[in-house]
Amino acid sequence: MKAISAAIVTTPAGPTALSLLKSVFGYPAFRGPQAEIIGHVSSGGDCLVLMPTGGGKSLCYQIPALLRPGVGIVVSPLIALMQDQVSALREAGVNASFLNSTQGAQEAAATERALIRGEIDILYVAPERLMTGRFLNLLTRLERRGDTQGDEEGGESFANMDAAAEPGHGIALFAIDEAHCVSQWGHDFRPEYIQLSMLHERFPDVPRVALTATADAQTRAEIIERLGLTGARVFISSFDRPNIRYRIVEKADARRQLLSFLKTEHAGDAGIVYCLSRKKVEETAAWLVAEGIAALPYHAGMDTATRARHQERFLREDGIVMTATIAFGMGIDKPDVRFVAHLDLPKSIEGYYQETGRAGRDGAPADAWMAYGLADVVNHRRMIGESEANDQYKRTSSAKLDALLGLCESTGCRRVRLLEYFGEASEPCGNCDTCLEPPEVWDGTEAARKALSCVFRSGQRFGAVHLIDVLLGRETERVQKWDHQKLSTFGIGTDLDEKTWRAVFRQLVAQGLLEVDHDSFGSLKLTEASRAVLKGEATVHLRKVVEGKRAATKRAGQSGSSGVAASLAGDEKSRFERLREWRAATAKEHSVPAYVVFHDATLAELARACPLTLDALGRISGVGEKKRERYGEALLGLLREAG
Ligand code: ADP
Ligand code: ZN
């Protein structure tokens, strides 16, 4: 039992996992498999934890580290985050520290001394630091309980360490975060991770818990093999993110659609807008700012200092909209990202899921919104066609794009489709656009035949814009130039409007009935599959265009401010805003991100319950004992005033 805070001792036998969850973290109950994992690790077992982003992996090692004697060593490659992770733990009254290359020598030496003296309960370490001979020797000393007189090992001496003669305090556990970094085939491979297997050889009695949000079977097998975790228990959570509402709208005027989404549903919220190109990132950010939205750009072409400043502002301030390429995101663990919007189609379902997964880590309602249109499909097909990669790679890229297009054009539940892709069966969710407003399907066979024969008769050399002009019988300059007013398909499509034709072409491409010729920009060609349709041997089902209607889908009671504050009534809402202001000021004073002080969900509950005593305050989820002690009076004062 440790003396992290006198108040934590809630039973004569010392704290339990649940009592720590309540007193330190202020949460009433464990989520999913947390309790089981914590029980397993606390009693000395190894395990591999596969949990989606926001699933609550951190507590799976933080609580066992507090329950077991000694220090919990957390290996993480995300050194930029360590400071914030440590700040959050310290806010909750835990003795946490970190060691990485961002520190000066003095600061690092002070941390090492504190470690030897047994004053640290949780230590975050960069893998390259952990694997140094010096640090491993230090750990060996810690493990040598009650036998630390000599220092014959390694020859490194820790000068000025009064505690050098004290008994070792032990290592509670090793947590290997982002364990997929051990996979050589993944995007995040870190060579130092391979060496982590030796922790087991050197410290066989210390339990190890490896954690990742990467679910595929190959990565899982690699982690187990490379980290020597054969025999470890594997805990696999559902990869569902029930609080994220998936929506994919048909692109008409993407900027206007985005703006209306931001203004009606996410005014004042933090979120990410993903664009494909750096140029579009810059332009979109500038345009959003002109529209009165606190947007910042982020992409790999910007200088490091500006990028770091923008990331810092996104993490620390309330309500910043980051407009970014996919360069932004790895290791962003801001819990209160309320939406992720895609102005361009990602490359694969994996990419889409990873990017949208950055929304709503705190479990409160969040949106994944995407606008997608024919140009996206044409672009991606062209990029794959033009790429220098080998055929195998092109085939894989095409298949991945097809799976994503299938999701976009799906008339069934988006979540069922997403989870199915990751090998998980589920029922329609009730929290995606297709569940909330099932799209109508129409028999598009006739329209498809008209479109396909128009492609054929005009020589398979034109893009959708021109083909639609021909179908609608428009005598444009191009039509005249090519004499297309003489085609038999000229004017045969006037029964449908232009928007519908765009949707028809898009879906024909998505369904593989038309392909994009990458040699001549954007022109459409027939495929093997189109033959059957032209011959009248196959039918085509298409989604009906529902532009405008779907964009207005809102959560019940949502009135346009924060998604979390959505369900708050008038008084509660103004209290919430007061609390947000107080939090911003407090966070600034302590130089920590706002969410380190309290999450949105906690502020919303405070606003709703309006507790007026310290006791009542302590029952709010997210208010642990240390925070109650530190902020209780200020909060009660504010709430009494805001009554
Ligand atoms: P991961 O590392 O799996 O992405 P985190 O450990 O950062 O997720 O947890 C995500 C969020 O959920 C955090 O803000 C955390 O405080 C919160 N959380 C975790 N477990 C619980 C719980 N049992 N009850 C309430 N909130 C929790
Ligand atoms: Zn659904």
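Using 1/(1 + (r/R0)^6) with R0 = 41 angstrom and r between the beta carbons of R461 and A327, what's the FRET efficiency to the nearest 0.05? Don't skip to the end; give the middle numbers.
On the way: r = 37 Å, r/R0 = 0.90.
Efficiency at R0 = 41 Å is approximately 0.65.
Would you mind counting up the charge near T539? Only other residues with Cβ under 15 Å from its Cβ, with Lys and Arg at +1 and Asp and Glu at -1.
Details: positive: R449, K450, R531, K535, R543; negative: D443, E446, E537.
Summing Lys/Arg as +1 and Asp/Glu as -1 gives +2.
Just to verify a number: FRET efficiency for W482 and R382, C-beta to C-beta distance, R0 = 22 Å, to 0.05? Provide the component values of the computation, followed by the final result.
Numbers: r = 22 Å, r/R0 = 1.01.
Using R0 = 22 Å, I get an efficiency of 0.50.
For the pair V441 and E36, what calculated FRET efficiency results from E = 1/(1 + (r/R0)^6), where r is the Cβ-Cβ distance and R0 = 35 Å, to the nearest 0.05?
Values: r = 43 Å, r/R0 = 1.23.
About 0.20, to the nearest 0.05.
Please give the helix 391-409 orientation as an angle from the longest Cα principal axis of the chain, in degrees from 0 to 90, rounded to the nearest 10.
80 degrees
Can you give me the pair-distance distribution of region 33-140, C-alpha pairs, 10 Å bins, whole percents?
For region 33-140, the binned pair fractions read 14, 46, 34, 7, 0 percent.
Considering only the other residues whose Cβ falls under 11 Å of the Cβ of D402, what net charge follows from Lys and Arg at +1 and Asp and Glu at -1?
Working: positive: R381, R395, K400; negative: E409.
Summing Lys and Arg as +1 and Asp and Glu as -1 gives +2.
Please report the net charge: other residues with Cβ closer than 15 Å to the Cβ of E424, K and R +1, D and E -1. List each step's numbers first, then the result.
Working: positive: R220, R241, R414, R415, R417; negative: D216, D240, E350, E420, E427.
Summing Lys and Arg as +1 and Asp and Glu as -1 gives 0.
What is the mean projected area of the alpha carbon convex hull for the chain, to one decimal in square nanometres?
In nm², the orientation-averaged hull projection of the chain is 32.0.
If you fit an axis through the alpha-carbon atoms of helix 570-590 and take the longest principal axis of the Cα set of the chain, what angle between them do you get, 0 to 90°, nearest 10?
60 degrees
In whole Å, what is the distance between the alpha-carbon centres of region 188-253 and region 100-128?
Using only Cα atoms to place each centre, the spacing works out to 26 Å.
Just rank Y631, Y353, fewest to most, by other beta-carbon atoms within 10 angstrom. Don't skip to the end; give the middle numbers.
Working: Y631 19, Y353 25.
The order, fewest Cβ neighbours first, is Y631, Y353.
So how far apart, in nm, are the two label points at D303 and T494 if each is 7 Å from Cα heading toward Cβ?
Each label point is offset 7 Å from its Cα along the Cβ direction, giving 6.1 nm.
Please say if region 170-296 is rounded, prolate or oblate, where rounded means a/c under 1.5 for a ≥ b ≥ c the square roots of the C-alpha gyration tensor eigenvalues, and otherwise the choice is prolate for a/b larger than b/c and oblate otherwise? Can you show the working numbers first?
Details: a/c = 2.92, a/b = 2.67, b/c = 1.09.
In terms of gyration-tensor shape, prolate.
On a full-extension model of 0.36 nm per residue, what is the gain between L614 and A105, subtracting their alpha-carbon distance, rounded to one decimal in nm? List each step's numbers first, then the result.
On the way: separation 509, 0.36 × 509 = 183.24 nm, distance 4.21 nm.
Fully extending the segment from L614 to A105 adds 179.0 nm.
Take T16 and A399, extend 7 Å from each Cα along the Cα→Cβ direction, and tell me the distance between the two endpoints in nm.
Going by the 7 Å Cα→Cβ label model, 5.0 nm.
Want the number for R117 to D240: 0.36 nm per residue separation, take away the alpha-carbon distance, what's left?
Values: separation 123, 0.36 × 123 = 44.28 nm, distance 4.28 nm.
Fully extending the segment from R117 to D240 adds 40.0 nm.
For region 572-643, what are the per-bin percents of Cα-Cα distances with bins 5 Å wide, up to the bin holding the maximum?
Result, from short to long distances: 3, 19, 31, 31, 13, 3 percent.
Which value, in Å to one decimal place, does the Kirkwood hydrodynamic radius take for region 316-404 when every pair of different Cα atoms is included? Mind showing how you got there, number by number?
Numbers: mean 1/r = 0.0687 Å⁻¹.
Result for region 316-404, one decimal place: 14.6 Å.
Helix 217-226 versus the longest principal axis of the chain: what is the Cα-based angle in degrees, 0 to 90, to the nearest 10?
That works out to roughly 30 degrees.
For H299, H541, what's the fewest-to-most ordering of other Cβ within 10 Å of each Cβ? Write out the running numbers ahead of the final one.
Working: H299 21, H541 14.
Least crowded to most crowded, the residues run H541, H299.
FYI, it's all coordinate maths here, none of it is from the lab. These figures come from a predicted structure and were not determined experimentally. FYI the Cβ positions are ideal-geometry reconstructions off the backbone, even for glycines, and counts take in every protein chain you see.
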